[in-house]
Amino acid sequence: MAIERKFIEDALARYRISQYLKENLERVGFSGVTIQRTPMVTRITVEVANPGRLIGKKGRSIKRLTDTIASEFGVNDPQIAVVPVENIDLEPRLVGQSIVRNIESDKPLRATIHRTLKRIIDAGALGAEIVVGGKIAAKGAKARSMRVSWGYLPKAGEVTRLVRKAQVTARPKYGAINVRVSITPPNVVFPDKVAKQAIPVPGVIKFADEKSESRVKAEAAAAVAKPAEEKKE
């Protein structure tokens, strides 16, 4: 029974440390953490977008963080390694935080998520999905959701472990908005996918950086009206 309790305590300690780092390292672009315990030390590998800011001048910030983890979580001799994020557009948490900043700055939501999805595609992802839910219209409006997706994104089975996911919350003046980002990273091999096939990108996403949201709506309305006019003729 003592062994089982030890495994549970270790898992809880990892979870608490992960949550602490997630909440306190947002300013340096926290992406993820890996914790490995050995008989001698506890190795903590932190992935961030801005390693220099986390390390601090002469290593003061990272030393302060090490001392905090040792004292608050009872970790003996923690060793923290800081790893830079290779590609920000393939890290769901960083992508979600970018969307949150745009929402809180009152930028058009639909255009924001279309541009973001295009950046993920351009970064080489095999698939991606962005789901935004909450009071996304205006103050006093009913809560609703908006979803954009592209490519291959498994929803069930063991292969879902290969998909990177993150969830963050925006807090504009009119209410909280939940942002969920899922990304299938490049070079991932799925058992049901023998050969890589090109997946067409919808025009609304392909030209997201070139067209304004109003122009996209106008083109969509024209596309709907055209078949109706042809029928009349």
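The values are calculated or read from the model by the stated rules, or taken from the named source; none is laboratory data. A quick note: this is a predicted structure, and the numbers were derived from the prediction, not measured. Cβ atoms come from the backbone with ideal geometry, glycine included; neighbour counts cover every protein chain shown.
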- Kindly indicate whether residue 118 is in the same structural domain as residue 173 (by TED's automatic domain parsing), among the basic types (Lys, Arg), under 15 Å from residue 178 (Cβ atoms) and in contact (Cβ under 8 Å) with a residue 40 or more places away in the chain. no
- Message: I'm trying to understand the selection: among the residues of the stretch 123-145, which are surrounded by 12 or more Cβ atoms within 10 Å (Cβ to Cβ), assigned to a strand (DSSP E or B) and modelled with pLDDT under 90?
- Response: 134, 145
- Determine the pairs where a residue that is closer than 15 Å to residue 133 by Cα, located within the stretch 91-112, has a partner that is among the charged types (D, E, K, R) and at pLDDT below 90 with Cβ atoms under 6 Å apart, the partner being 6 or more residues away or on another chain. 108/213; 110/213
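In this structure, does residue 113 turn out to be touching a strand residue (DSSP E or B) at 6+ places or on another chain (Cβ under 7 Å) and in the same structural domain as residue 15 (by TED's automatic domain parsing)?
The answer is no for residue 113.
Could you look through the stretch 23-40, keep only residues that are surrounded by 13 or more Cβ atoms within 10 Å (Cβ to Cβ) and out of contact with any strand residue (DSSP E or B) (no Cβ under 6 Å at 6 or more places or on another chain), and pick out the one that is farthest from residue 93 (Cα to Cα)?
37
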